[in-house]
Structures are given as structure tokens and as C-alpha cells.
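Below is one structure, written out as C-alpha cells; comments come after it.
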Amino acid sequence: MWTLRKKKNRSAFKKDRRKLSVARLREYLWTRRFRSTPRTDRWYASLFRPGRGQVAGEITPEYAVLPREKVAHVHRLMPEAKILFVLRNPVERVWSHAVMDFKRKGRNAREMPAEEVLEFARRPYVEPKRNYLKTLEVWGEFYPPERIFVGFMEDINWHPRPFLKEVYGFLGVNPDFRPPAPGKKVNVKSGGSMSTAAARLIAAEYIDTLEALSDAFGGYASFWLYCAERLMEGAWSEEEIPNPIAGSTLWEEWRGTLPPEDRPESLFMSGSLSGLAYRSGDPGR
């Protein structure tokens, strides 16, 4: 029995080693193509060749701040591309960015003066990323609403499976696929809270942006505006506030300000821009 088990274990080890070898070979070939091939549009597209029955793409927040001429170039190359743009409370977004940036320099954003975090938010490479409506305006010049998906971080946090189903439908892939852990958080850097003092200063700095987002989308964006106004009023007295802020008591407080007929038990707003609306009801549809 021991000999048989040993042989099985050895066979499984060899099988795993072959899989690992194939994975490393693929990684090596991809890296070689990335490093040794002249930089052209054709070269870049070759890095994202989908397998049979798959779709391929990439993700970077830098696409959100591309100037019009760069987006025009993307459209010339890929007029049938589908664009996914996930929105996050701008106050939370810049805090997360600050935490990541300062950590790279060996500093802790929580231990820094709130004014220094605000100065970070004003930096030229940071400030434009809060202008979600400008991003949608620029990309919307080249891609129709049905090719632009707008998601909300609140939906990812609260309704990860319905969110994925919506994305799969938008991309035209199998909507029944279930990843192993859709609710698991990855690449978390900003922790579960942020400095209230910094959040209050950023909220005041971003108030015009938040008002415009609330007018454009309602729902979650109206909650973002409400939180900013309450922070500016000094409503949150603790040194840190939950991140995301929707995990604080401000969520129920905001719901209580709405007329009963407009007070949703739950929200789900993510979807293509062509059908985006204030959606309430069961998020598991």
C-alpha cells in the first residue's frame, strides 16, 4: 500500500512539474516577445491574442486620462472594442492612490498631515483621474453607449456575482462561468479605513465633481455627495472612517433622507451606458 501511494504521489508530482514547465515556457515566450520585438501597434496587439473561445483585454487606470487624439488612435485600431470603466467614490480613490504612492516611498499616509494628502490629490498626474464625466465624454466621442460599460465599486463589494454576470453579458462570454472566489479582495493596499481629516479636505476639494456625478448618475453617486457634505459638516468625529464609506453608518443615514418611495432596499447600477439607470430591487437577477 505504501509503495502504491508513493508511486501515485510521484506521478502527481511529475504531472504538476510538467504543468509548471509549460506555464514557465509560455511566460518566457511572452516576455521575450515583449522585450525583443520593436514597439508598434501590431506588436502591442500581439501581447493580447485570445485563445480559442476567449476574449482578451487589459486593465490600467491610465486609459481614463488619455487625451482625445490617443482615444482616436485606439478607435482606429480597434473600432469594435468594448470599454469597461469602473467608478469609485473619488474621495476613496484618491486616498487609495495616496496610500500606494507614499508606501512606495517608505511612508505611511495615515501618519501624514491631512494637508499633505490633499497636496497629493492636487498633483498633475492625480487630479485628472477624478473627472469621470470627462473620461466618458472623450471615449463617448468614438464608442457608442452600448460599447461602454460603467461599473460601480459598491456593486463589486456588495454584489460580486451579479456584477460579474453583467460584465460577462456585456462582453458576450459565458454568463454561467463562476470564478473560485468572486468576493475575495485582492491587491488591497488602503486597508479598511482612511484618515477622517484627509477625507474631509479631499471632500471639500472635490465637491464640484461630486455634485456633477450625482446629477449624472444619482444612486451611489448621490451617496458619495452626501458623504462629502456630511464630512465637511464635521459629522464624523472619529479619527478614521471606514473605507469604503458605504460600510459606515452614513449609508443608512443617507437612505433615511430619501422619500419612502425612492428608498431602495438595495441598489445595483452597473451596466452598459446605453441602459444605465437608477436600478433598485433584487441584485441577484
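Only one of the numbered conditions (1) over 21 Å from the mean Cα position of the chain (by Cα); (2) more than 19 Å from G275 (Cα to Cα) is violated by Y125, and that is (1). Could you please let me know if P264 is free of Cβ contacts under 8 Å to residues at least 60 places away in the same chain and in contact with a strand residue (DSSP E or B) (Cβ under 6 Å, 6 or more places away or on another chain)? Judged against the criteria, P264 is a match. Restricted to region 119-181, the set of helices (runs of 4 or more DSSP H) holding at least 3 residues that are more than 30 Å from A109 (Cβ to Cβ) comprises 132-140, 160-171. Mind checking whether some residue in region 200-208 is within 21 Å of F120 (Cα to Cα) and small (G, A, S)? Among the residues of region 200-208, at least one is within 21 Å of F120 (Cα to Cα) and small (G, A, S), which makes the answer yes.
Counting the residues of region 219-261 that are closer than 18 Å to F152 by Cβ and either part of a helix (DSSP H, G or I) or touching a residue at least 12 places away in the same chain (Cβ under 8 Å) (or both) gives 21. Every condition in (1) in contact with a strand residue (DSSP E or B) (Cβ under 9 Å, 6 or more places away or on another chain); (2) modelled with pLDDT of 95 or more; (3) surrounded by 20 or more Cβ atoms within 10 Å (Cβ to Cβ) is met by F85 except one, and the failing one is (3). Scanning region 36-50 for residues that are part of a loop (DSSP other than H, G, I, E, B) and farther than 19 Å from V167 by Cβ, we see that the one that is modelled with the highest pLDDT is T40. Consider region 103-135 and keep the residues that are touching a strand residue (DSSP E or B) at 6+ places or on another chain (Cβ under 9 Å) and at pLDDT 95 or above. The one that is surrounded by the fewest Cβ atoms within 10 Å (Cβ to Cβ) is A114.
Restricting the search to region 46-61, which residues are surrounded by 10 or more Cβ atoms within 10 Å (Cβ to Cβ) and within 23 Å of the chain's Cα centre (by Cα)? Residues satisfying the conditions are L47, F48, V55, A56, G57, P61. Pairing residues of region 20-37 that are free of Cβ contacts under 8 Å to residues at least 60 places away in the same chain with residues that are in a helix (DSSP H, G or I), at Cβ distances under 6 Å and at least 6 apart in sequence or on separate chains, gives T37/W43. Among the residues of region 49-97, those identified as within 30 Å of C227 (Cα to Cα) and free of Cβ contacts under 8 Å to residues at least 60 places away in the same chain are I59, T60, E62, Y63, R93, H97. Residues in region 216-234 include at least one that is closer than 22 Å to P61 by Cα and surrounded by fewer than 20 Cβ atoms within 10 Å (Cβ to Cβ). Total residues in region 165-195 satisfying the condition of being surrounded by fewer than 17 Cβ atoms within 10 Å (Cβ to Cβ), within 23 Å of F223 (Cβ to Cβ) and at pLDDT 85 or above: the figure is 1.
The values are calculated or read from the model by the stated rules, or taken from the named source; none is laboratory data. Just so we're clear, the structure is a prediction, and the values are computed from it rather than from any experiment. Virtual Cβ from ideal backbone geometry, glycine too; neighbours counted across all protein chains shown.
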